[in-house]
Amino acid sequence: MPFELGRPLGVPNDAAFQNRVIAAALDLFEAPSGPRLVNHTEDAPTVEGAVPLVCPVSFSQPVSGESGLAQLSAKFKEEIALMRPWYDRSTEERKRTTVGVSGMEPEAIGSFVVQFLDDDIPSTQEVNNLGALFKLAVEDLKAFYYESATARPGQMDADSETLSQWYWRETVAGKVLVAVHRTHRDSEDETLRRVVNRNLVPRAHASLLS
């Protein structure tokens, strides 16, 4: 269903659209067999007045003499460090967080992810399923960025499309993940290759891979 997470009826303050969603759901009870899982025939109306997301951090100038990957790695870790106070503010105000499925702190996630910028994959001696752990780390990374960004005043109600556009197009994290995709889309590690090709970069941002 093409609705925002947490908005099962589409958008707020649109009774006509919400009633059509409810009517379509009730019609499923008339189906000759079940269970039934169908897409709603309409996309949710666009919320008027959406404000472009502003990244809550800024960066120092690149250090001369660094290689491209070394510079990208350094900027990524710097971005995470600068995001951390906003993330802490978010968890303090909301009293909850969705970060944690990987079992790593944000800084450790950054250090883990940048290892995949090289052709060589990290040692799997202590990891039974490298692809699965990488997937969880990437999920935590995105949650960390989303929660940090929406802690900024005026951005708490940013929709997922706005957040996704910002995350993939404007952050260093997005650039790192695109670089990881390019490096490991043909990885010899089957689980990692599957995650990179199926779950890493959303189709909405596939143009970044060309």
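Structure values in brief
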| quantity | calculated |
| --- | --- |
| Alpha-carbon Rg/Rh ratio, for the range 144-205, with Rh computed the Kirkwood way | 1.07 |
| Net charge contributed by nearby residues that have their C-beta within less than 14 Å of Thr98 (K/R +1, D/E -1) | +1 |
| Projected area averaged over orientations for the range 68-209, convex hull of C-alpha atoms, nm² | 8.4 nm² |
| The range 101-210: relative contact order as a whole-number percent, Cα under 8 Å and 6+ apart | 31 percent |
| Per DSSP, loop GluC sites (Glu not before Pro) in the range 169-210 with at most 14 further Cβ within 10 Å | Glu188 |
| Cα-based reach from Lys175 at 20 Å (exclusive), listing lysines while leaving out same-chain residues under 8 positions away | Lys75, Lys77, Lys135, Lys142 |
| Residue-wise HN-Hα coupling along the range 170-186, computed from phi with Karplus coefficients 6.51, -1.76, 1.60 (Hz; x: Gly, Pro) | 10, 9, 5, 4, x, 5, 5, 5, 5, 5, 5, 4, 5, 6, 10, 5, 10 |
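Computed from the coordinates by the stated procedures, all read-outs in this text should not be read as laboratory data. Remember, predicted model here, so these are calculated numbers, not experimental data. With ideal geometry, Cβ positions are generated from the backbone for all residues, glycine too; neighbour counts draw on all protein chains shown.
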